[in-house]
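Participant: My questions all concern the structure below.
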């Protein structure tokens with residue numbers, strides 16, 4: 001198709017192995033890479049650690065992987081819309097680490113920036129902070145939150161060019177870009193791939209240097225409707 005970055009969904013996800021740590025973009029359903037998640041489900045990848053802002057809702061997004069027993073651990077900021085995930089956590093069948101949304105985003109950002117972690121005074125009064133490493137700066141105590149990286153990031157973009165430069169839409173802009181910077185392998189699903197130069201430099205939300213594989217899909221489901229895409233130039 002004119003670019004070594006363009007793959008079929010099966011080819012793109014084949015190298016995701018059992019036990020991988022996978023960063024999954026999305027803010028609720030918007031911006032969630034549903035086609036890539038469906039491929040993980042279809043190929044049987046298991047024992048996953050997933051990092052996502054939320055646990056998705058039953059039957060949607062990463063909940064399908066949780067429901068299939070493919071997830072050992074979830075790192076998220078909100079799981080309240082997924083009663084199954086909460087039940088599995090209470091039964092000890094799914095380990096869930098919950099962070100405030102800003103802390104989760106900063107841990108991932110630090111991972112992408114090559115930092116070892118961040119300092120925060122949030123949650124110092126909680127029992128969970130007793131085992132944390134503490135430092136004092138200017139008379140203020142902080143705990144150390146280690147940076148967070150993944151083996152793979154699964155990303156949803158509104159538009160891409162053949163070089164992997166991405167444009168995100170609305171709330172998909174929240175977690176997708178920072179997650180793409182914090183993974184060893186970045187796989188992007190998009191409904192539109194255009195020739196190089198079709199996305200102006202000032203409109204690129206994430207440079208193609210962070211993107212390894214592009215998957216072109218024509219439809220994201222009823223919440224997105226049918227999305228058109230340009231024919232690729234060879």
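Participant: Can we say residue 16 is within 26 Å of residue 143 (Cα to Cα), part of a loop (DSSP other than H, G, I, E, B) and touching a helix residue (DSSP H, G or I) at 6+ places or on another chain (Cβ under 7 Å)?
Facilitator: Answer is no for this residue.
Participant: Could you pull out the residue among 154, 119, 104 that is surrounded by fewer than 16 Cβ atoms within 10 Å (Cβ to Cβ), touching a strand residue (DSSP E or B) at 6+ places or on another chain (Cβ under 8 Å) and not in a loop (DSSP other than H, G, I, E, B)?
Facilitator: After ruling out the rest, the residue left standing is 119.
Participant: Still on this structure: Which ones in region 39-62 are over 14 Å from residue 18 (Cα atoms) and either in a loop (DSSP other than H, G, I, E, B) or touching a residue at least 40 places away in the same chain (Cβ under 8 Å) (or both)?
Facilitator: Matches in region 39-62: 51, 52, 53, 55, 56, 57, 58, 59, 60, 61, 62.
Participant: Sticking with this structure for a sec: Please determine, by comparing only the residues of region 162-183 that are part of a strand (DSSP E or B) and crowded, with 24+ Cβ neighbours inside 10 Å, which one is nearest to the chain's Cα centre (by Cα).
Facilitator: The extreme case among them is 183.
Participant: Then there is this: (1) out of contact with any helix residue (DSSP H, G or I) (no Cβ under 7 Å at 6 or more places or on another chain); (2) buried (at least 19 other Cβ atoms within 10 Å of the Cβ); (3) touching a residue at least 60 places away in the same chain (Cβ under 8 Å): which one isn't true of residue 36, the others all being true?
Facilitator: For residue 36, the failing item is (1).
Participant: If you don't mind, another one. Across region 80-96, what is the number of residues that are surrounded by 15 or more Cβ atoms within 10 Å (Cβ to Cβ) and either modelled with pLDDT of 95 or more or part of a strand (DSSP E or B) (or both)?
Facilitator: Of the residues in that region, 8 qualify.
The values are calculated or read from the model by the stated rules, or taken from the named source; none is laboratory data. If you're wondering where the values come from, they're calculated on a predicted model, not measured in any experiment. Heads up, the Cβs are rebuilt from the backbone with ideal geometry, glycines too, and the neighbour counts pull from every protein chain shown.
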